[in-house]
Amino acid sequence: MKSEIVKTLLTRILSSLLTLFLLVSFLFIIIRLSPGDPTDKYISAKLGSELSERIAEKFSLNQPVTDQYLSFVANAFSGDMGVSYNYRLPVFEVIWEYFSFTLVFASISFILQMYLSIWLALWVIKKRKKWLDKFVTNSSLFIYSIPAFVLGVALIYIFSVNLNLFPISGMKSLDYDDLSFFSQVLNKIHHLVLPLITLTAAGVALFYKYIKESMDDVLNQTFIINLRSSGVNENIILRKHVIPNALRPLISVAGVELGILLGGALITEVIFSLPGMGRLTVDSIFSRDYPLVIGCVFTAGAVMILANFLADIIKLKIDKRLVKGILN
Amino acid sequence: MNIKTLNLFLLSFLFLLIISCDSKKSVSENRIVIGIAADVQSFNSLFAFSYEESAIAELLYPSLLDFRWNDKKGELEPYPMIAKSWQWAEDSLSIRFLIRDDILWSDGNKLTASDVVFSYDVFSDPDVQSRLYGIFNQLFTESDGHIDIEKTFNVISPYEFEMHFPESSVPDLVKIVVPVIPEHIFKDISRDQLANHESNFNPVSSGAFKFKKWNKNQTIILEADSNSFLFTYGQTAELVFKIVPDYTSRILQLKKGDIDLLELVKVEDVEELKAEKSLTVVSSIGREYDYVGWNNVDPNEPSKPHKLFENSNVRKALSMVINRKEILEEYLSGQGDLAASPVSPIFKSAFNEKVLPYEFIPDEARKLLFREGWKDEDRNGILEKGKTEFKFTMYYPVGNPLREYASVVIKNNLKSIGIEVTTEKMELGAFINNLYERKLDSWMAGFGVVIPLDLKPYWYSDPNIGFLNFSGYINPDIDNILDKLESRISLEEKNKLIKEFQEIIHKDEPVTFLYWTPNIIVYNTRIKNLKITPHGVLVHCWEWTIN
């Protein structure tokens, strides 16, 4: 079994690397196909002549297109996507600065999505009321269909403008430095409540749908009926038998969702002026900072691949029977 | 901990959070918050490429002279700043500056003539690629554009120096004055490394405000520098630039009082904002205009005239059939003015009031086109001349709703007299490339107006000089006027020539001038002493006070 797991892991790592390689190749093709001189996608007058020359050499811009492609792939895998026009810094240095916020923000939102959706599904199942089930299912569908920019602006309008309960945007207030440590922590959380609701709501609705359907399936299986007839406590059945069995389909969706979140909560970060990957991507597009756009797209793709890889590992941990499935 | 307890804990925490945080306006009374859409990348005046960067850099690094807008004359006038006085030589080939001896950098060092000379050296250095690189052609320069310091400057004492000009030059103070940066900070940094140096993010300044804090992509905080020579009693204690990329969010914060001043407000929000008692709405017109470009030459063979737009009567007819007033009234709610030429009405002494925009007269346009041989002989609804049908594609860059709206109106207007237009959006980078290569038949774009007025890059026939003359317009009389404007002539003569320029341009109508678009500024009424001129909003913000 152990050797099978190692083999599975290696296969999964290789397929992830292949996907990453395809992503890099696709990026290179997109750069070549986009309007304008391809050289302008790497160097700009803003960078100065010496730096531009260095980049041109590093990306083989004066060489045939095959050499350019090989250099691009090699540079991408070694973490060099050129120099941002606006920041005049290596692209990945800029991305890392913004990615750290996204990592924290997305992780909190992801945990909330998982927790709230499972809790909601359990609550509905425990209540055993059809109208409640229908109501929550329809409400979750409604919430899922609200675009983030509508929900974000609506929350701002209600809770910030009218009720004056939360700040409209930003990560901290202007007087942040004058606050005590505890107040500083509260201040940051206070600023992040509305963005977190905006980012989390759709995910909760989506996860709820998956987990609820999956739980319903498990609840109808014979072993659960046997457990019930043996007089096992309903809470224990739910926690020890239903949830673990119902989680599997959720993990696959969660992998994709985590990848999307880590790639940058584009709309939420722009509406609430948060310094994350999504905002960096938007800013770099609007300022036509091509190296940074390429770097952001590459990062979003790479974290998506990584999140799916992690989801597969977690699934393996939960259910060893999947080892064969992945190998096949 | 069971789920119920955890839920109870989370709810209690949220409740505590709401009641513990001060939800009232946290803006200090002596602080002005300015909303901006994008963060800066540097505080160094050398690299202040964006609007926000240059506005902040100008506050940190004052120039030798202060330029104030004279609304009556419609021109900038020099006032003392770092230089307390200046004297032109009789032959106008040199100028002697006497600078103040009481100016301190924010780190306590004194500002001297050496800083000024160093600033010119760095700004013109090709290794630095500063935002002003290439503009020093009126000074003694080397072949790469670098100022020849020895020939240009003569430092008499730490507070007095002379600036010399070549005989052929026509120096204009507005064009040759640069912000002064501290020599002691930058002198030991390799020139090609200046752009990335950490000193750009912790600037040592001499302006009325000094750098306090930068929370990347959140806020930039400047505080009043009481040691600055520009500091005045009662000056605002802090100037905060709040970065809010979302427009709706900026407007909501303006209404709530979290932002005190906002530029580039959309016309559709004006009425609602005017209704707010705490806000003042001001519209500044004359720094930007939109136009429809007609390529005067064949995009495939630039030596040949364009088969549709070579004739000035045809271009005039096109202008007569575009209902610009409708666009102004419908989309811009009457904010903005019709344009007749590229000379803005803000330049009151040079503006020719006799040159009026072409009226919307489709019948007259039809007659003009008929006279030029454009008729619908085959009755298919499209005009033709010989075998050439009057149809073309008009391009415009994506992301401008006004131009999108205008393109529909223009298309319908032209269709009504038998001209078929296909409108097409283009990515901005590709659009600009095409304009520089003169590949487009027709396009809709806009131009910003520089102060002082500079027409040569836009209308000179030689593409190396008139590099922004995208329509390939050629008129020797215009070239002659533009050359004369660069010679040593009096201001009256200059204004006379500019008026003549407008008449010729109006007669030739190389492009259809649409309208002067407004910059709508909204600010909180608690800000006093704020003067909005075409020169800018923030230029003298240290004179603002809080009510």
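FYI, it's all coordinate maths here, none of it is from the lab. The structure presented is a predicted model; accordingly, all values stated were derived computationally and were not measured. Cβ placement follows ideal geometry from the backbone for every residue including glycine, while neighbour counts extend to all protein chains displayed.
Between A:PHE26 and B:GLU162, the simple spin-label model (points 7 angstrom out along Cα→Cβ) gives 6.8 nm.
For B:GLU301, what is the net charge nearby, where nearby means another residue's Cβ is under 15 Å from its Cβ and Lys, Arg count +1, Asp, Glu -1? Each step should come with its number before you reach the end.
Details: positive: B:LYS304, B:LYS307, B:ARG438, B:LYS439; negative: B:ASP298, B:GLU310, B:GLU437, B:ASP441.
Combined, the nearby Lys, Arg, Asp and Glu give 0.
Placing one equal scatterer on every Cα of segment A:218-325 and applying the Debye formula, the log10 ratio I(q)/I(0) at q = 0.13, 0.14, 0.22, 0.24 Å⁻¹ is -0.66, -0.71, -1.08, -1.17.
Between B:GLU150 and B:ASP454, the modelled label-to-label distance comes to 3.0 nm, taking each label 7 Å out from Cα in the direction of the beta carbon. Take the Cα of B:LYS507, step 7 Å toward its Cβ, do the same at B:ASN137, and the gap between the two points is 2.7 nm.
Expressed as a fraction of 2.2 N^0.38 Å, the C-alpha radius of gyration for chain A is 1.20. Distance distribution P(r), segment A:46-104, all Cα-Cα pairs, bin width 5 angstrom from 0: 4, 19, 22, 22, 17, 9, 5, 2, 0 percent. The mean sequence distance of close C-alpha pairs (under 8 Å, at least 6 residues apart), as a share of the length of chain B, puts its relative contact order at 18 percent.
Across all Cα atoms of segment B:367-451, the radius of gyration (one decimal) and Dmax (whole number) stand at 15.2, 51 Å. Between the alpha-carbon centres of segment B:138-216 and segment A:126-194 there is a gap of 49 Å.
Using only the alpha carbons of chain B, what is the convex hull's orientation-averaged projected area in square nanometres?
32.9
Reported to the nearest whole Å, the Cα centre-to-centre distance from segment B:495-531 to segment A:246-293 is 41. Averaged over the residues of A:162-174, the number of partner chain Cβ atoms lying within 10 Å of the residue Cβ comes to 6.
Please name whichever of A:PRO90, A:THR11, A:ALA148 sits farthest to the positive end of the charge dipole of chain A, dipole taken about the Cα centre and charges placed at Cβ: Lys and Arg +1, Asp and Glu -1. Going by the charge dipole, the pick is A:THR11. Peptides B:255-266, A:17-28, B:463-474 ranked from most to least packed by the mean count of surrounding Cβ atoms within 10 Å: B:255-266, B:463-474, A:17-28.
What's the FRET efficiency of B:SER190 with B:TYR436 using the Cβ-Cβ distance as r and R₀ = 30 Å, to the nearest 0.05?
On the way: r = 33 Å, r/R0 = 1.09.
With R0 = 30 Å, the Cβ-Cβ based efficiency is 0.35.
Restricting the calculation to alpha carbons of segment B:126-181 gives Rg and Dmax of 11.6, 30 angstrom. Take each residue in A:301-307, count the other chain C-beta atoms within 10 Å of its C-beta, and the mean is 0. Each Lys or Arg adds one and each Asp or Glu subtracts one; over the other residues with Cβ under 10 Å from the Cβ of B:ASP102, this totals +2.
Apply the Debye scattering formula to segment B:114-228, with a single equal point scatterer on each alpha-carbon and no solvent, then give log10 I(q)/I(0) at q = 0.14, 0.18, 0.24 Å⁻¹. Treating every Cα as an identical point scatterer, log10 I(q)/I(0) equals -0.69, -1.03, -1.41.
The C-alpha atoms of chain A define a longest principal axis, and helix A:243-262 lies at about 20 degrees to it.
Measuring between their Cα centroids, segment B:403-425 and segment B:272-327 lie 13 Å from each other. Across segment B:211-307, Cα-Cα distances exceeding 23 Å account for 55% of all pairs. Scaling the Cα radius of gyration of segment A:68-193 by the globular reference 2.2 N^0.38 Å produces a ratio of 1.55.
Over chain A, what is the relative contact order in whole percent, taking alpha-carbon pairs under 8 Å and six or more residues apart? Show your work: numbers first, answer last.
Numbers: 356 pairs, mean separation 81.6, N = 328.
Rounded, it is 25 percent for chain A.
Calculated mean residue ellipticity, 222 nm, the protein assembly as shown: -14000 deg cm²/dmol, from DSSP H runs (n ≥ 4) at -39500 (n - 2.57) each, averaged per residue and rounded to 500. For segment B:304-367, trypsin sites (Lys or Arg not before Pro) are listed when DSSP marks them as loop and at most 15 other Cβ atoms sit within 10 Å of their Cβ; the list is B:LYS307, B:LYS348, B:LYS354.
By the gyration tensor of its Cα atoms, with a ≥ b ≥ c the square roots of the eigenvalues, what is the shape of the protein assembly as shown: rounded for a/c under 1.5, prolate for a/b over b/c, or oblate? Verdict is prolate for the protein assembly as shown.
When +1 charges are put on Lys and Arg Cβ atoms and -1 charges on Asp and Glu Cβ atoms, the dipole computed for the protein assembly as shown relative to its Cα centre reaches about 5060 debye.
Find the eigenvalues of the gyration tensor of the Cα atoms of segment B:276-319, then list the square roots of 5 times those eigenvalues as equivalent ellipsoid semi-axes, largest first, in whole angstrom. Write down the numbers at each step before the final one.
Details: eigenvalues 336, 29, 10 Å².
For segment B:276-319, the semi-axes come out at 41, 12, 7 Å.
Ordering B:PRO245, B:LEU273, B:GLY257 by Cα displacement along the dipole of segment B:239-279 toward the positive end leaves B:GLY257 in first place; charges were set at the Cβ atoms of Lys, Arg (+1) and Asp, Glu (-1). For segment B:340-413, pairs of C-alpha atoms spaced more than 16 angstrom apart make up 69 percent of the total. Taking other Cβ atoms within 10 Å as a rough exposure proxy, B:THR219, A:THR8 sort from fewest to most as A:THR8, B:THR219. Counting only other residues whose beta carbon sits under 10 Å from that of A:LEU122, what net charge do I get with K and R as +1, D and E as -1? Cβ neighbours under 10 Å give a net charge of +4. Per-residue mean of foreign Cβ neighbours for A:272-281 is 3 (Cβ atoms of other chains, 10 Å radius).
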